[in-house]
Amino acid sequence: MRSDRLSPLTKPRSVTRQNSDDAAQGNQADKISSNSIREFDLQKGDIFTIADLKPLQTKEFENLDAYPYAFKQDKDVLSWATALISESALGQALLKEVENSHWKIMLNDLGTGGFHLDAFEKIIELDNYGLDAASLGQSAFFRTSLICVLAKALRDIWHENRWGAFENMYNPESVLMLERARAADADSVSVLIGYELRSAGYNDVWRHILGSDDGDMAQVLTNILERYPTALYNGMALAHIFRQWYADVARVDALDHDTLEHLDFSMRDFDGNNAFDFGDKKIKAIDLENLSTLPDGTVYLKELGETVCRDPFFCGLNDPINQAHLFQIVYDSKVTYVDGIPFRDPSLARKFIKPD
């Protein structure tokens, strides 16, 4: 199955997936391909591997503060961005993960201010905000925003490599909670990377985060490190900013809305029939703890998974529209459709199937 998680045309983070079953469904695969947001031509040279960008060499031979003013092409922008991210220990570890798993990276005018992952082609698309390379280098706001988006994309690839689509294994309620945790984790990690870059002398990124939608999380990180400096190294700081992500009700409701849209889309194929069945697995504390694992092995939600699973602060669903949407998805997932008519009893539904 191929699906767009959080539509790349309208959402800041999105994923396109496709599995091997599409190879046996030629007509459907062709139809999906024609509706894709972008057709990639790997011969154009606008898609790069991490090895092509040479971040460590760029960091060694270029002044990263002055380099943006000399951007001429997309490769310059991405070389600078990956080199700057590698100044963070956590960013460097995530960048290594991307390189080892053979992902490629490119710029594109997504119009979302975010990123899109093509899990089938293993391509990361970063939004260039409608600017060419030279203009992007001249704008302190947009180039620092690009760094923050790249940090989130790197962490999301970490999850994509290990989890893929949650709906293949978990029931709809659990998918909703896991998508929240995945988004909260990616945003938290990007804030921590920004703090590490600040420690390395790149204050612009940190100032950008303070003025962004993640500013509350950055403030929490600063406050906790003033009291407990070692929290930066044992996962305690990340646990606090992870919790702060849920404190913004509008942020949680927006993510829920996007996730439910994706689940709704995933349940239908192009003929209006059921495309696939949700998994029946329920979320457990160990799932959330595993999701919080860092490249160095630190599990910053260790022994906190049960709290995230059961505390209404983390798992409550307060928006009435999202509640109704989730209930409808749960209902639809338990029925069998024949010519658009829902049946609770599969054996009864089979009696209404028209003979070929």
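Please treat every number below as a calculation from the coordinates, not as lab data. The model shown is predicted, which means the values in this text are computed figures rather than measured ones. No Cβ is skipped: glycine too gets one built from the backbone with ideal geometry, and neighbour counts run over all protein chains shown.
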Reduced Cα scattering model of segment 154-198, Debye log10 I(q)/I(0), q = 0.22 Å⁻¹: -0.74
Distance in nm between Asp52 and Tyr331 label points, each 7 Å along Cα→Cβ, equals 4.9
Derived scalar couplings ³J(HN,Hα) [segment 189-196; Karplus, 6.51 cos²θ - 1.76 cosθ + 1.60; whole Hz; x for Gly, Pro]: 5, 5, 5, 5, 4, x, 5, 5
Express in whole angstrom the spacing between the alpha-carbon centres of segment 139-192 and segment 213-254. 16
Relative exposure of Ile241, Ile47, judged by other C-beta atoms within 10 Å (fewest first): Ile47, Ile241
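Set the Förster distance to 41 Å, then compute FRET efficiency between Lys96 and Gln323 from the Cβ-Cβ distance, nearest 0.05.
0.50
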Final fewest-first order of Met217, Met177 on the 10 Å Cβ neighbour count is Met177, Met217
The pairs in Lys122/Lys281; Lys104/Lys302; Lys122/Lys284; Lys104/Lys152; Lys122/Lys152 lying past 25 Å Cα-Cα in this model are Lys122/Lys281; Lys104/Lys302; Lys122/Lys284
Inter-probe distance in nm under a simple model that places probes 7 Å from Cα toward Cβ, at Asp213 and Lys72: 3.7
